[in-house]
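Take a look at the structure below.
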Amino acid sequence: MFTLLIVIIVLSLIFDYINGFHDAANAIATVVATKVLSPVQAVIWAAFFNFLAYWVFGLGVANTVAKTADSSQINLTVILAGVLAAIAWNLITWWQGIPSSSSHTLIGGFAGAAIAHAIALHGFSDYTIIEDGVEHTKHWYNIVSWYKAGKDGGMPTGVMIIILFIVLAPLLGALMSYLISIWLLNASKRTMLPKLFTIALMAASIWFVYNQMVPFDKIENPRFESSVFWSVVFESHNIKWFLVAFIILSISTFALVFSSLNLHKAESVLKKMQLLSSAAFSLGHGGNDSQKVMGIIAAAVAVYIKTSGVDIVTLPEWLQVVLPNDDKGIKGAMPEWIPLACYTAIAVGTLSGGWKIVKTMGSKITKVTSFEGVAAETAGALTLYFTEHFKVPVSTTHTITGSIIGVGLTKRVSAVRWGVTVSLLWAWVLTIPVSGLLAALCYYILSIFI
């Protein structure tokens, strides 16, 4: 059983690596299309910020993914089948140049294998389990966490929420990029109203971000116990909001001076700003997608601990994983090597590139200029930061595609190549069910040998 756990961890990191080169196009397509960076420079740039996300983001998305299926009712074969199916679908879509969602591939695979496991054990009949001495009646589909209301009015979780964001993530990206584009287009005019709006937006952003900061007395593990200031500055939650403020204030500063720049100077500044916006999106990509693999590894270790019957305190420190349980007041714990390995794998994967999907994202959806690249990447980055804050594992692919469509719509509806977009939508819709079916098939085959 321990050998199987190691195999799952290795395969999960391989999936993370594939995710890196599969989704590298999301962050670098526009900077390559506008010739701000060469393809090689772009992947190095994106990989660096993928890894930098290690110090910025928490583990909220990882916890959500880990609880896709009830870890008390599954075994390691379920997780192995889910990871194998996710790897297979990712490679198929990469080979075909289709920017499908690696996130939804992994979640679909995990859920599909779990359902296959429940049907194999109980058929379609009800069954009972005992939790904390209380007997509960379950159905075969209850093995997957479909929907769970948020605690104290917070964001609900579950696979249904993830499916909902297949629609919401690109819509949010499109709406945000459209609004940013309209704002900057009006800022290029020599009128006072756009400047007053920009100043008001800057003030509102500073106020909002200030109110999101975690003060020193609420930081559980300060990074600099001897310094209150640096502990607050380098708290991962605070770093994320500092970045949000920096992005908005940078765009706002450009908006204030846009009308005074000639065409050549404006284009030059926009190309430099693309470096900022692509870095911000790469940071969001690393933080969002690496956490999904962390969740799978954490779930695998938790299942190993339960099914092997060993006491967690007798295990080496690198295996001491505790999944959080808000209902029981249990806080999660994850050894440092898991996030470090996941961020490293996705960064190395990004360095490998993903040139087939770069072509689709950078030119086939709509023609992208530096102006549109800044708007799309900024919108995509902000969408990823806010969804990560609410622990929703969204697709970076869906987010940036929606953002690119949004900037295309500011020109005219026909500027978006809707034929390509419809093909992408089909891939998005099919990803979770196809991954689930592949995982179910893998589970039944593996069950013969394991």
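The values are calculated or read from the model by the stated rules, or taken from the named source; none is laboratory data. Since this is a predicted model, take the numbers as computed values, not measurements. Counting neighbours? That spans all protein chains shown, and the Cβs are built from the backbone with ideal geometry, glycine included. Accessible surface areas use protein heavy atoms only, side chains included; no ligands, DNA or RNA. Shrake-Rupley method; radii C 1.70, N 1.55, O 1.52, S 1.80 Å.
A few notes on this one:
- Test: residue 310 is outside any helix (DSSP H, G or I) and either of a type in the set (Ser, Thr, Tyr) or under 30 Å from residue 3 (Cα atoms) (or both): yes
- Considered as a group, the residues in the range 122-144 that are of a type in the set (A, V, I, L, M, F, W, C) and at pLDDT below 80 include one that is least open to solvent (accessible area, probe 1.4 Å), and that residue is 129.
- The residue of the range 251-290 that is modelled with the highest pLDDT, among those that are more than 23 Å from residue 202 (Cβ to Cβ), surrounded by 21 or more Cβ atoms within 10 Å (Cβ to Cβ) and among the polar types (S, T, N, Q), is 282.
- Of the set (1) open to solvent by 10 Å² or more (accessible area, probe 1.4 Å); (2) at pLDDT 90 or above, all apply to residue 314 but (2).
- Filter pass, residue 74 being exposed (fewer than 15 other Cβ atoms within 10 Å of the Cβ) and not in a helix (DSSP H, G or I): no
So that you can scan it fast, the table gives a plain yes or no per residue for (1) within 24 Å of residue 390 (Cβ to Cβ); (2) of a type outside the set (Phe, Trp, Tyr):
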| position | (1), (2) |
| --- | --- |
| 1 | no, yes |
| 10 | no, yes |
| 18 | no, yes |
| 36 | no, yes |
| 45 | no, no |
| 49 | yes, no |
| 52 | yes, yes |
| 67 | yes, yes |
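- Only a single item in (1) within 23 Å of residue 292 (Cβ to Cβ); (2) of a type in the set (Phe, Trp, Tyr); (3) surrounded by 14 or more Cβ atoms within 10 Å (Cβ to Cβ) is not met by residue 183, and it is number (1).
- Scanning the range 186-211 for residues that are among the β-branched types (Val, Ile, Thr) and either touching a Pro at 6+ places or on another chain (Cβ under 7 Å) or exposed (fewer than 14 other Cβ atoms within 10 Å of the Cβ) (or both) yields 191, 199, 206.
- One residue stands out in the range 1-59 among those that are in contact (Cβ under 8 Å) with a residue 40 or more places away in the chain, part of a loop (DSSP other than H, G, I, E, B) and open to solvent by 20 Å² or more (accessible area, probe 1.4 Å): the one that is nearest to residue 75 (Cα to Cα), namely 1.
- Residue 66 falls short on exactly one of the conditions (1) under 16 Å from the mean Cα position of the chain (by Cα); (2) hydrophobic (A, V, I, L, M, F, W, C); (3) at pLDDT 80 or above, and that condition is (3).
- Flag for residue 233 being open to solvent by 20 Å² or more (accessible area, probe 1.4 Å), more than 24 Å from residue 60 (Cα to Cα) and of a type in the set (Val, Ile, Thr): no
- Here residue 96 meets each of (1) in contact with a helix residue (DSSP H, G or I) (Cβ under 6 Å, 6 or more places away or on another chain); (2) among the polar types (S, T, N, Q); (3) open to solvent by 20 Å² or more (accessible area, probe 1.4 Å) with one exception, condition (1).
- Apart from one condition, residue 353 fits all of (1) at pLDDT below 80; (2) open to solvent by 10 Å² or more (accessible area, probe 1.4 Å); the exception is (2).
- Any hit, the range 18-33, residues being farther than 22 Å from residue 278 by Cα and under 17 Å from the mean Cα position of the chain (by Cα): no
- Given (1) farther than 21 Å from residue 285 by Cβ; (2) open to solvent by less than 10 Å² (accessible area, probe 1.4 Å); (3) at pLDDT 85 or above, index of the condition residue 434 fails: (2)
- Of residues in the range 317-350 being at pLDDT 75 or above and either of a type in the set (Ser, Thr, Tyr) or assigned to a loop (DSSP other than H, G, I, E, B) (or both), the one most open to solvent (accessible area, probe 1.4 Å): 336
- Members of the range 171-229 that are charged (D, E, K, R), touching a residue at least 12 places away in the same chain (Cβ under 8 Å) and either part of a helix (DSSP H, G or I) or farther than 25 Å from residue 58 by Cβ (or both): 189, 190, 195
- For the range 145-162, a tally of residues being surrounded by fewer than 16 Cβ atoms within 10 Å (Cβ to Cβ) and either in contact with an Asp or Glu (Cβ under 6 Å, 6 or more places away or on another chain) or part of a helix (DSSP H, G or I) (or both) returns 4.
- Applying the criterion of being on the phi < 0 side of the Ramachandran plot and not in a helix (DSSP H, G or I) to the residues of the range 373-393, the residue that is most open to solvent (accessible area, probe 1.4 Å) is 390.
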